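The values are calculated or read from the model by the stated rules, or taken from the named source; none is laboratory data. Values in this document were obtained by computation on a predicted structure and should not be read as measured data. Cβ atoms come from the backbone with ideal geometry, glycine included; neighbour counts cover every protein chain shown. Just the protein is used for accessible areas: all its heavy atoms, side chains included, with ligands, DNA and RNA removed. Shrake-Rupley method; radii C 1.70, N 1.55, O 1.52, S 1.80 Å.
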Amino acid sequence: MIKPQQQQINGFSKLDKAQRRAWLTEQFLDPSARLILKQFDLPDDSIQQVFDGFSENTITNFPLPYGVAPNFVINGKTYAVPMVTEESSVVAAASAAAKYWMTRGGFHAEVIAAEKLGQVHFRWSGRPARRAALLDELCTRVRAQTKDLTQRMEARGGGVRGVTWKHLPEVADDCYQLLIKFGTADSMGANFINTVLEAYGAELQTWAAESGSLTEEERDLEVIMAILSNHTPNCVVRAWVSCPISEMALPKNGVDPHEFARRFRYAVEIARQDTYRAVTHNKGIMNGVDAVVIATGNDFRAVEAAAHAFAAQDGTYRSLSRCRVEHDRFTFELTLPLALGTVGGLTKLHPLAKLSLDALGQPSAEELMGVVAAAGLAQNFAAVRSLVTTGIQQGHMRMHLQNILTSFHASEEERGATAAHFAGKTISYAGVRGFLGR
Ligand code: MEV
């Protein structure tokens, strides 16, 4: 019988990996778990150490499948797009959509803007009307004081692009914010931005204490926090595909191209207008986006948070993609914010993230934004295409069959027999169980 943990454990992070495993197993798991934990250790100690350095309290690794979707033509260049995902049929769907569009002009992508944002929130006892008069002086000071921090980024084409000072009376009468715009070149820039913001915060405090232009009352200034914003509505990429409807034949299911385009546009319009559908539709987009973001060592939580805020920017959560059918031409496009880096962070440290970027030809951050957006659009195209033609389960369950068989510990022979039995038939968990007699 496994005992629940009785006492607080202190110094867990100071234990070595074997001790942590032993503790976890004793407290919460069956003794056989130790073997499983060990099984996922990397054979190369030096690489294992790199992984252990990424996080804390590590006890083993948690592998995810790493695949590639070939035949992606984006702005005329062909890519094999690396994707990390645990969901069956995501890579297959992206590959199928990439192949489909390869012969129809490929994907197009353009970066609309690549600006990041950071905020310093503070409490200040001055009058709101005074801030315009003081902003220049403040900016000159903070910029001068943080020159050492920004110099290298400026040499790479980034740096601080502008500062505005806002009053937030909805929080409190004395609540203010510095909103700072950044360029971060090929890095995602989180560490750079946060370091600069904290220095801005410290200088803001010094300015309040020292500036001759402030009244006694205005010297009462308290910095509350300094952190980047993951809302990046000015770090946006647009990807699209377009071709004459007459070229949109779907050979496998023989659907008339005009019928297909009409149903497809209709389905996307539902996702523009109905939030319940929009969330699922966007989840399909993020299936592709996240898979490439993870494979390239980028921050998928930041990308997710930004995408959903962007999807709700007019107050209603809507589909991130749009479809137009005009003059017998079908156009499908996706606009989304993507704060990505191709230098810094995990991009060089994680051997597979580095490999992904090598496979993509060491793209700039802006080129990677185009690749990720194209993967999201491809995924969305494949999902909606299935939804408005065959339904999603046909393809999905075919891919999922191997997982179902694994859950029944099926032998090689049973796997072959099940695949043959269900060829051309609808696959379901219950159906497979019945066939295997489990
Ligand atoms: C499943 O992971 C994603 C879909 O539900 C997306 C969609 O409905 O558009 C198939």
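Is it the case that some residue within the stretch 388-400 is modelled with pLDDT of 95 or more and open to solvent by less than 60 Å² (accessible area, probe 1.4 Å)?
Looking through the stretch 388-400, at least one residue is modelled with pLDDT of 95 or more and open to solvent by less than 60 Å² (accessible area, probe 1.4 Å).
Taking the stretch 213-228, which residues are open to solvent by less than 60 Å² (accessible area, probe 1.4 Å) and closer than 23 Å to Gly126 by Cβ?
Ser213, Leu214, Glu218, Leu221, Val223, Ala226
Filter the stretch 267-313 down to residues that are among the hydroxyl-bearing types (Ser, Thr, Tyr) and within 8 Å of the chain's Cα centre (by Cα), then give me how many there are.
0
Within the set of pairs 6 or more residues apart or between chains, which connect a residue that is β-branched (Val, Ile, Thr) inside the stretch 216-239 to a residue that is open to solvent by 40 Å² or more (accessible area, probe 1.4 Å) and modelled with pLDDT of 95 or more with Cβ atoms less than 6 Å apart?
Sorted first by the residue in the stretch 216-239, then by its partner, the pairs are Val223/Gln205; Val236/Ile112; Val237/Val111.
Checking Ile180 against (1) closer than 27 Å to Asn298 by Cβ; (2) assigned to a helix (DSSP H, G or I): exactly one of these is not met. Which one?
Ile180 satisfies every listed condition except (2).
Could you tell me which residue of the stretch 229-281 is least open to solvent (accessible area, probe 1.4 Å), considering only residues that are among the hydroxyl-bearing types (Ser, Thr, Tyr) and either within 15 Å of the ligand (Cβ to nearest atom) or closer than 20 Å to Met102 by Cβ (or both)?
That would be Ser242.
Among (1) assigned to a helix (DSSP H, G or I); (2) in contact (Cβ under 8 Å) with a residue 24 or more places away in the chain; (3) surrounded by fewer than 22 Cβ atoms within 10 Å (Cβ to Cβ), which single condition is Gly416 missing?
Only one criterion in (1) assigned to a helix (DSSP H, G or I); (2) in contact (Cβ under 8 Å) with a residue 24 or more places away in the chain; (3) surrounded by fewer than 22 Cβ atoms within 10 Å (Cβ to Cβ) is unmet by Gly416, namely (2).
Is it the case, given these coordinates, that Asp299 is surrounded by fewer than 17 Cβ atoms within 10 Å (Cβ to Cβ), out of contact with any Asp or Glu (no Cβ under 8 Å at 6 or more places or on another chain) and among the acidic types (Asp, Glu)?
no
Hand me the list of strands (runs of 3 or more DSSP E) wholly inside the stretch 11-117 holding 1 or more residues that are in contact with a Phe, Trp or Tyr (Cβ under 8 Å, 6 or more places away or on another chain), under 25 Å from Phe300 (Cα atoms) and free of Cβ contacts under 8 Å to residues at least 60 places away in the same chain. Spell out the reasoning first.
On the way: elements: 66-74, 77-84, 108-114.
In the stretch 11-117, 66-74, 77-84 are the strands (runs of 3 or more DSSP E) which contain 1 or more residues that are in contact with a Phe, Trp or Tyr (Cβ under 8 Å, 6 or more places away or on another chain), under 25 Å from Phe300 (Cα atoms) and free of Cβ contacts under 8 Å to residues at least 60 places away in the same chain.
Select, from Ala97, Ala33, the only residue that is aliphatic (A, V, I, L, M) and either exposed (fewer than 14 other Cβ atoms within 10 Å of the Cβ) or assigned by TED's automatic domain parsing to the domain that holds Arg385 (or both).
Answer to the check: Ala97.
Test of understanding: among Lys166, Lys252, which residue is assigned by TED's automatic domain parsing to the domain that holds Ala365 and basic (Lys, Arg)?
Of Lys166, Lys252, the one residue that is assigned by TED's automatic domain parsing to the domain that holds Ala365 and basic (Lys, Arg) is Lys252.
Can you say whether Ala144 is loosely packed, with under 13 Cβ neighbours inside 10 Å and assigned to a helix (DSSP H, G or I), as far as the supplied structure shows?
It is true that Ala144 is loosely packed, with under 13 Cβ neighbours inside 10 Å and assigned to a helix (DSSP H, G or I).
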